[in-house]
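Everything on this sheet refers to the single structure shown next.
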Amino acid sequence: MPKKRESRGRRKGDKGSVTRVQCDNCGAMVPEDKVVCVTRMYSPVDPQLASELEKKGAIVMKYPVTKCYCINCAIFYGIIKVRSEEERKRANPLQKLT
Ligand SMILES: [Zn+2]
C-alpha cells in the first residue's frame, strides 16, 4: 500500500502502542507521538504594562508554558504547515513558526 508519509504522521516506529493525551485546544484524544508540542514564554502581566515596568528596572517574571495540540489545531494556529505531496515523503522535523 502506498504511504502518504514515511513515518505515517507519527514518531512511533515499531512500538506497539503509545498512551493518548488530550489536545490543549479542542480536547481530542491524540496519540502522544502525534501531538505537536510548543513551549512559549508566558507572562501573567499585561505586555504593555510589562514593557513599562521593565523600563523602570523591575523584573517581570515569565514562565515557560508547554501546550500540546492535535494536528488539526496545530495547522489552524500555524504551528505546522500543510506540506506538498513531495515534501510530505521526507521525514522532516516540524517547521515551527514563531
Ligand atoms: Zn485539537
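What to note about this one:
- Close contacts from the range 69-92, counting a first residue that is modelled with pLDDT under 90 and surrounded by 13 or more Cβ atoms within 10 Å (Cβ to Cβ) and a second that is part of a loop (DSSP other than H, G, I, E, B) and acidic (Asp, Glu), with Cβ to Cβ under 8 Å and a gap of 6+ residues or different chains, come to LYS89/GLU6.
- Under the condition of being within 13 Å of the ligand (Cβ to nearest atom), in a loop (DSSP other than H, G, I, E, B) and free of Cβ contacts under 8 Å to residues at least 24 places away in the same chain, the residues counted in the range 1-58 number 1.
- Selected residue (criterion: nearest to the ligand (Cβ to nearest atom)) from residues of the range 59-88 that are closer than 14 Å to GLY9 by Cα and among the β-branched types (Val, Ile, Thr): ILE71
The values are calculated or read from the model by the stated rules, or taken from the named source; none is laboratory data. This is a predicted model, so every value here is computed, not measured. Here Cβ is always computed from backbone atoms with ideal geometry, including for glycine, and neighbour counts include all displayed protein chains.
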